[in-house]
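Down below is the structure, laid out as structure tokens.
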Amino acid sequence: DGGITQSPKYLFRKEGQNVTLSCEQNLNHDAMYWYRQDPGQGLRLIYYSQIVNDFQKGDIAEGYSVSREKKESFPLTVTSAQKNPTAFYLCASRSRGQTRVQNTEAFFGQGTRLTVV
Amino acid sequence: GEDVEQSLFLSVREGDSSVINCTYTDSSSTYLYWYKQEPGAGLQLLTYIFSNMDMKQDQRLTVLLNKKDKHLSLRIADTQTGDSAIYFCAEIYNQGGKLIFGQGTELSVKP
């Protein structure tokens, strides 16, 4: 079955530690995205990548880092510089489409809930 | 800059229609989407509309797009308790592929 998988589902981090969230897709999608969700604030874009070995900052990239060494994988590292990392993190992927009129919906993983202890 | 705005809450009675509204800023957006999120889960696509369309109907769902006012709405007919969830509108900036979401509208359906 094709899909997008995030792991782990729950993650606990001590203050001052870096932690990496996994996102893998087998949909052959070019574009991948990381969002952070806090109550009442919707989904805020952290980083996105349109193609392997390239990625762009979203609206709240400070304190986060990503890599895109393989098409299937887009891991997100929450660094110790992120002052308030407790949140629900969602990864998504989508095909870029062949033409401007070709719709390409985004598929989401089930999320990782990160808690700082 | 890019921005998508939604009201945060909507409460309706079972059997009534629900209308969830969204405004966006980028007139060059190609596609606009509605997603649904159940508690503690990821997002699932409900429907989408291409920017050259005014309306799209899909069973109980009707999407209206007013490009002049940059306003998008989702109407759910005969709303059921199972429709209780958070609904997000989103737009894609095809120039750079950036996918931006609104804050989400929490729909509560009372029996």
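When segment A:48-60 is limited to residues that are over 18 Å from A:GLY109 (Cα atoms) and either touching a strand residue (DSSP E or B) at 6+ places or on another chain (Cβ under 6 Å) or in a strand (DSSP E or B) (or both), the one that is least open to solvent (accessible area, probe 1.4 Å) turns out to be A:GLY58. Of the listed requirements (1) surrounded by 13 or more Cβ atoms within 10 Å (Cβ to Cβ); (2) farther than 27 Å from A:ARG36 by Cβ; (3) within 14 Å of chain A (Cβ to nearest Cβ), B:ILE76 misses just one: (3). Just one of the listed residues (A:SER93, A:SER22) is open to solvent by 30 Å² or more (accessible area, probe 1.4 Å), part of a strand (DSSP E or B) and touching a residue at least 40 places away in the same chain (Cβ under 8 Å), namely A:SER22.
Contact map, segment B:36-53: residues that are more than 9 Å from every other protein chain (Cβ to nearest Cβ) and within 20 Å of A:ARG36 (Cβ to Cβ) paired with residues that are among the charged types (D, E, K, R) and open to solvent by less than 20 Å² (accessible area, probe 1.4 Å), Cβ distance under 9 Å, separation 6+ or inter-chain. Pairs shown: B:LYS36/B:ASP83.
Residue check, B:THR79 against (1) at pLDDT below 95; (2) over 12 Å from the mean Cα position of the chain (by Cα), all met but one. Which one? Of (1) at pLDDT below 95; (2) over 12 Å from the mean Cα position of the chain (by Cα), only one is false for B:THR79: (1). All conditions but one from (1) β-branched (Val, Ile, Thr); (2) buried (at least 18 other Cβ atoms within 10 Å of the Cβ); (3) not in a loop (DSSP other than H, G, I, E, B) apply to A:THR104; the one that does not is (3).
Which one is surrounded by the fewest Cβ atoms within 10 Å (Cβ to Cβ), of the residues in segment B:79-108 that are aromatic (Phe, Trp, Tyr) and more than 9 Å from chain A (Cβ to nearest Cβ)? The selected residue is B:TYR93. Where strands (runs of 3 or more DSSP E) sit wholly within segment B:1-82, those with at least 3 residues that are closer than 16 Å to A:GLU105 by Cβ and touching a Lys or Arg at 6+ places or on another chain (Cβ under 9 Å) occupy B:43-50.
Mind checking which residues of segment B:1-29 are crowded, with 19+ Cβ neighbours inside 10 Å and either in contact with an Asp or Glu (Cβ under 9 Å, 6 or more places away or on another chain) or closer than 22 Å to A:TYR89 by Cβ (or both)? Quick ask: steps written out before the conclusion?
To start, the set of residues in segment B:1-29 that are crowded, with 19+ Cβ neighbours inside 10 Å comprises B:4, B:6, B:18, B:20, B:22, B:24, B:29.
Matches in segment B:1-29: B:VAL4, B:GLN6, B:SER18, B:CYS22, B:TYR24, B:SER29.
Would you confirm, using the coordinates I've provided, whether A:GLN41 is within 14 Å of chain B (Cβ to nearest Cβ), in contact with a Gly (Cβ under 8 Å, 6 or more places away or on another chain) and either crowded, with 19+ Cβ neighbours inside 10 Å or free of Cβ contacts under 8 Å to residues at least 40 places away in the same chain (or both)? Spell out the reasoning first.
On the way: within 14 Å of chain B (Cβ to nearest Cβ): yes; in contact with a Gly (Cβ under 8 Å, 6 or more places away or on another chain): no; either crowded, with 19+ Cβ neighbours inside 10 Å or free of Cβ contacts under 8 Å to residues at least 40 places away in the same chain (or both): yes.
Spelling it out, it is not the case that A:GLN41 is within 14 Å of chain B (Cβ to nearest Cβ), in contact with a Gly (Cβ under 8 Å, 6 or more places away or on another chain) and either crowded, with 19+ Cβ neighbours inside 10 Å or free of Cβ contacts under 8 Å to residues at least 40 places away in the same chain (or both).
The values are calculated or read from the model by the stated rules, or taken from the named source; none is laboratory data. If you're wondering where the values come from, they're calculated on a predicted model, not measured in any experiment. Here Cβ is always computed from backbone atoms with ideal geometry, including for glycine, and neighbour counts include all displayed protein chains. The protein model used for the area step is the full one, side chains on, heavy atoms only, and it has no ligands, DNA or RNA in it. Shrake-Rupley method; radii C 1.70, N 1.55, O 1.52, S 1.80 Å.
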